[in-house]
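Since every read-out is calculated from the coordinates, none of them should be taken as a lab result. Computed from a predicted structure; not experimentally measured. Quick reminder, even Gly has a Cβ in these numbers, built from the backbone with ideal geometry, and neighbours come from all protein chains shown.
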Amino acid sequence: MKNFLLADDHVVVRSGVKLLLLEVFKPAEIYEAANGEGVLEKLKEHIFDLVILDIQMPKTDTIGLMEIIHTQYPELKVLIFSMSAEKIYAKRFLKAGAKGFVSKEAPLEEIIKAVNLVLSNKRYISDSLADFLAD
């Protein structure tokens with residue numbers, strides 16, 4: 001059984017991702033947090049296979065949160081899931097310890113691919129980001 005932590009301030013986003021994960025990864029346990037404080041509380045209470053983390057949440061320095069996660073839980077896999085510009089933010093979060101960065105605008109198949117790769121301890125970046133970083 002996989003344990004996931006969904007960190008996003010929008011209930012509808014968490015609900016949609018939760019349904020997707022429960023459909024694809026049976027059985028799975030899904031925990032939720034709406035901000036960085038909630039993420040840190042859940043990390044103290046449970047062991048997760050994957051944290052899916054939005055980078056724009058109220059009262060949350062997400063790059064600081066990512067650094068705390070990477071320092072205190074170095075084996076924990078984090079996938080950034082965001083509407084923010086991949087070309088601006090992805091490199092910074094990957095350097096801070098995230099295993100992948102996927103856009104909320106990505107097709108469902110790409111989101112599932114990203115989750116699977118990160119769960120397999122591989123990195124995930126989109127083809128467009130790979131091209132951008134290569135340049």
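When +1 charges are put on Lys and Arg Cβ atoms and -1 charges on Asp and Glu Cβ atoms, the dipole computed for segment 80-123 relative to its Cα centre reaches about 320 debye.
Among the listed pairs Lys42/Lys113; Lys18/Lys95; Lys2/Lys44; Lys44/Lys91; Lys77/Lys104; Lys44/Lys122, give every one whose C-alpha distance is greater than 21 Å. Beyond 21 Å: Lys42/Lys113; Lys18/Lys95; Lys44/Lys91; Lys44/Lys122. In the elastic network of the chain, a GNM with C-alpha springs shorter than 10 Å, the most mobile of Ser84, Ser103, Ser120 is Ser120.
Within the shell defined by Cβ-Cβ distances under 14 Å, the residues around Ser15 carry a net charge of -2, with Lys and Arg each +1 and Asp and Glu each -1. Per residue, the average separation of C-alpha pairs within less than 8 Å and at least 6 apart gives the chain a relative contact order of 20 percent. Projecting the Cα atoms of Ile30, Leu76, Val102 onto the charge dipole of segment 11-135 (Cβ charges, centred on the Cα centre) puts Leu76 farthest toward the positive pole. Rounded to the nearest 500, the 222 nm mean residue ellipticity of the chain from helices alone is -14500 deg cm²/dmol, with -39,500 (n - 2.57) taken per DSSP H run of at least 4 residues.
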